[in-house]
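S.K.: Mind having a look at this structure? Questions to follow.
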Amino acid sequence: MKKTINTLFVIGLLVVLFSSVGSAYAMSDAGKGSGSGGKGKASSGTGIATSTTAVTGELSEEEKADLVFMREEEKLARDVYLTLYNIWGMDIFNNIAASEQTHTNSVNALLTAYGIPDPVVNDTIGVFVNSDLQILYDQLVATGSVSLVDALKVGAAIEEIDILDLYEAIAQTDEANIQQVYAQLLAGSENHLRGFVSVLESQTGEAYTPQYLSVESYQAIIAGSNAQQGSSQGQGGNRGGGGGRR
């Protein structure tokens, strides 16, 4: 699994998101505050326990690297959503940020169980050890600050990428406890994607087009229902190109 963020991913994301800026300025005040239009609640649907099952084997360097990367990647999602909540006041960002906190805590529990140093030495919002994630955070926040439309598209794009990364991470480990946590994170990311897409369409009238998942995978996820357990929707040959772990 690659551990660097492809420059083309960053450029492609910004181009796609900024393409909506013209229409989005009209929505710049939509969804602020506590009005009913700004609620946008989305179920986290993870139900992840903070403890892990017994360690059963020695991890490969790839498995260790995946856990380290996933710990900060989940923190990135949390941090972006908390920052966008402070800007737009829309509850969906705060609700999903709370779920991402559970996600990153669950990965940290695995790091502890396997004796792997935690990369989150500073849990301050917007601070990352991985320099690529630091750059990505800054760019995502800048994009999401332009308009509510862009903010919601940032959220959906983050969840697409998380889903692809989790497909890959699950495929690269035989450890049952790691697979269980990853599967629960995957279910949560699918729920979050549905939530962002639903709010984007209902509150702004903008349709969302998947940027990293294949159309088949995306449609299967959107057609699904919020789940507490891991999902296999869209895995395998429907991953699509150009996305996933950078």
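The values are calculated or read from the model by the stated rules, or taken from the named source; none is laboratory data. All of these numbers come straight from a predicted model, not from anything done at the bench. Positions of Cβ are generated from backbone atoms using ideal geometry, with glycine treated the same way; all protein chains shown enter the neighbour counts.
S.K.: Take the residues of segment 194-226 that are farther than 18 Å from LEU164 by Cβ and part of a loop (DSSP other than H, G, I, E, B): which is modelled with the lowest pLDDT?
M.R.: That would be ASN226.
S.K.: Got a number for residues in segment 31-76 being assigned to a loop (DSSP other than H, G, I, E, B) and at pLDDT below 95?
M.R.: Number satisfying all stated conditions: 25.
S.K.: If you don't mind, there's one more thing I want to ask. Provide a single number: the residues in segment 180-193 that are more than 20 Å from TYR81 (Cβ to Cβ) and either charged (D, E, K, R) or modelled with pLDDT under 95 (or both).
M.R.: The qualifying residues number 0.
S.K.: Report every pair of residues separated by at least 6 positions or lying on different chains whose Cβ atoms are under 9 Å apart, first residue within segment 189-209 and in contact (Cβ under 8 Å) with a residue 40 or more places away in the chain and closer than 20 Å to SER99 by Cβ, second among the aromatic types (Phe, Trp, Tyr) and assigned to a loop (DSSP other than H, G, I, E, B).
M.R.: PHE196/TYR208; VAL197/TYR208; LEU200/TYR208
S.K.: Would you please list the contacts, defined by Cβ atoms under 9 Å and residues six or more apart or on different chains, that run from a residue in segment 132-147 that is in contact (Cβ under 8 Å) with a residue 24 or more places away in the chain and at negative phi to a residue that is of a type in the set (Lys, Arg) and buried (at least 18 other Cβ atoms within 10 Å of the Cβ)?
M.R.: ASP132/ARG246; LEU133/LYS75; LEU136/ARG246; THR143/LYS153; GLY144/LYS153
S.K.: Can you tell me which residue among ASP79, ASP138, ASP123, ASP162 is part of a loop (DSSP other than H, G, I, E, B) and either in contact with a strand residue (DSSP E or B) (Cβ under 8 Å, 6 or more places away or on another chain) or at pLDDT 95 or above (or both)?
M.R.: ASP123
S.K.: Here's a follow-up. Evaluate the following for ILE125: is it of a type in the set (A, V, I, L, M), surrounded by fewer than 19 Cβ atoms within 10 Å (Cβ to Cβ), under 16 Å from the mean Cα position of the chain (by Cα) and under 30 Å from GLU201 (Cα atoms)?
M.R.: Working: of a type in the set (A, V, I, L, M): yes; surrounded by fewer than 19 Cβ atoms within 10 Å (Cβ to Cβ): yes; under 16 Å from the mean Cα position of the chain (by Cα): yes; under 30 Å from GLU201 (Cα atoms): yes.
So ILE125 passes the test.
S.K.: Could you grab me the full set of residues in segment 141-159 that are assigned to a loop (DSSP other than H, G, I, E, B) and surrounded by fewer than 23 Cβ atoms within 10 Å (Cβ to Cβ)?
M.R.: Here is the first cut: in segment 141-159, the ones assigned to a loop (DSSP other than H, G, I, E, B) are 145-147.
Within segment 141-159, SER145, VAL146 qualify.
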